[in-house]
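Nothing in this text is a laboratory measurement; each read-out follows from the coordinates by a stated rule. Keep in mind that what you see is a predicted model, and the values were worked out from it rather than measured. Don't worry about glycine lacking a Cβ; one is built from the backbone with ideal geometry, like all the others, and counts go over all protein chains shown.
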Amino acid sequence: MTNLDTKTISLDNLGIKDATVRYQLTSDELHDITIEKGQGKETSFGAIAVNTGEFTGRSPMDRFIVKDDITKDEVWWGNINIPFDSEKFDKLYDKVTNYLSNKEVFVRDSYACADEDYKLNIRVVNEYPWSNMFAYNMFLRPTAEELKTFTPEWTVINAPGFMADPEVDGTRQHNFAILNFGKKIALIGGTGYTGEIKKGIFSALNFILPVFKNTLPMHCSANVGKDGDTAIFFGLSGTGKTTLSTDPNRSLIGDDEHGWTAENTIFNFEGGCYAKVIDLSQEKEPEIYGAIKRGAILENIVMDDKGNVDFADTSITQNTRVSYPIYHIENIQTPSIGKNPKNIFFLTADAFGVLPPISKLTPGQAAYHFISGYTAKVAGTEAGVTEPQPSFSACFGAPFMPLHPTRYAEMLSEKMKRNRCKRLVSKHRLDSRTLRSWSQNETKVHACND
């Protein structure tokens, strides 16, 4: 993709005045600008390495949803979906856009959802070049022809350098990630952690798709075999979704967020992958290792003066990450769409030995396991988590699910029964070859009540 004429792009309609707009820069351009500004360094892989600052993971207690006529009777309010006053949002929004005015900002038009019938156009406005490069990697990339008539539906405004005043702005602390469905805005400030950008839009889709599109959103990875059989892998961060779906013998659909349509297809929300790299090695995960090259962004890793990365060094965080466009993986499904899944895996970071290595579930057991979502929080994935903690995360993605968990569980249960999918729960330490073998040979699989 080539750079477009920046003079034609104005952010006045967003309230960002007199900004120097760097529109639709290429990945290479953003890579170079990041280094020029001293905000990142190039590794021996050719990838760029950045430090996200104070936050090296999501901050779930600082995620809010504006309570308005659209959300008040639909959202499952509580300590996961925390309401935010609409007037407070407007005032905070004005402060953020005023902060970005007269600055250099990086703007990207992109979209989510690989299925044309569900496409969501997004405009991302970033304070930092590497945050915009992350948006290039993680969202789907329009062609030059599509950009000529591109109209954004949702807007992401990302200002890591802006610090909120909790007493005045209504936030819990200086950082925040707020969804406003009425105005179709994701407002993010006070944190450089790039995961908040993609999770903001995907949390919005987790509301939009079931409420308005009769489509099940899923926090899962997916791949497809040579005969067209689709497998999906549910699980929270750190349970192995990316590793297990990135299989040299199967084509990758996507590694984190998907929709299951009423027409019974599976489609990827994303245009890239966001993988944990703790203890990464070429021998154990050759596809992910090979994806780390120019165009990729390594977050919060440690490297020496020559740019050599030490993936075992967790002195900054255990939640070290890499973001790369999906085309960095050789074996991918194009477009990122598959048929009904034949096998469904529920992955668990079982740090306490509660479950057997793998179990075949009945439909009732699958529904129960999905809605309870037993796992262990992995160190570094969330602010304040330093070692594994037992956790029950409904739908294997409660932090991103605005509706009551039963809404998603009922949709999944109905689809599993209709399509007679095999349902298995497994510990994330198993490799893809073992899972493939056991899913095809039921005599090796323990029943959950054994």
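With the alpha-carbon atoms as the only input, what is the per residue convex hull volume for the chain in Å³?
Normalising the Cα hull of the chain by residue number yields 135 Å³.
Trypsin sites (Lys or Arg not before Pro), restricted to segment 171-272: which are DSSP loop and have at most 11 other Cβ atoms within 10 Å?
Lys226
Counting Lys and Arg as +1 and Asp and Glu as -1, what is the net charge of the other residues whose Cβ lies under 13 Å from the Cβ of Gln173?
-3
Ignoring everything except DSSP H segments at least 4 long, calculate the 222 nm mean residue ellipticity for the chain; use -39,500 (n - 2.57) per segment, divide by total residues, nearest 500.
Details: 11 runs with 107 residues, N = 450.
Rounded to the nearest 500, it is -7000 deg cm²/dmol.
Percent relative contact order of the chain, based on C-alpha pairs within less than 8 angstrom and at least six residues apart?
Once normalised by length, the contact order is 17 percent.
For Arg294, what residues show an amide H to amide H distance below 5 Å, using hydrogens built from the backbone and excluding near sequence neighbours?
Ala47
Under a Cβ-Cβ cut-off of 10 Å, what is the net charge of the residues other than Asp117 that fall near it, where Lys and Arg count +1 and Asp and Glu count -1?
Result for the local shell: -1.
Which links in Lys198/Lys415; Lys198/Lys241; Lys339/Lys422 stretch past 22 Å when you go from one Cα to the other?
Over 22 Å apart, Cα to Cα: Lys198/Lys415.
Relative to the Cα centre, what is the charge dipole magnitude of the chain, using +1 at the beta carbon of each Lys and Arg, -1 at the beta carbon of each Asp and Glu, and rounding to the nearest 20 debye?
It comes to approximately 1240 debye.
Place +1 on the Cβ of every Lys and Arg and -1 on the Cβ of every Asp and Glu in segment 302-343, take the dipole about the Cα centre, and give the residue among Gly307, Tyr324, Asn340 whose Cα lies farthest towards its positive end.
Positive-most Cα among the choices belongs to Asn340.
Rounded to the nearest 0.05, what FRET efficiency is calculated for Ile70 and Lys226 with R0 set to 35 Å and r the Cβ-Cβ distance?
Step by step, r from the Cβ atoms, then E = 0.20.
More than 18 Å apart: what percent of Cα pairs in segment 193-245 qualify?
Tail of P(r) above 18 Å: 49 percent of Cα pairs.
Give the Kirkwood hydrodynamic radius (Å, one decimal) of segment 1-132, defined as one over the mean of 1/r across all pairs of different Cα atoms.
17.6 Å
Can you quote the Å³ per residue value for the convex hull of the Cα atoms in segment 231-370, rounded to an integer?
133 Å³
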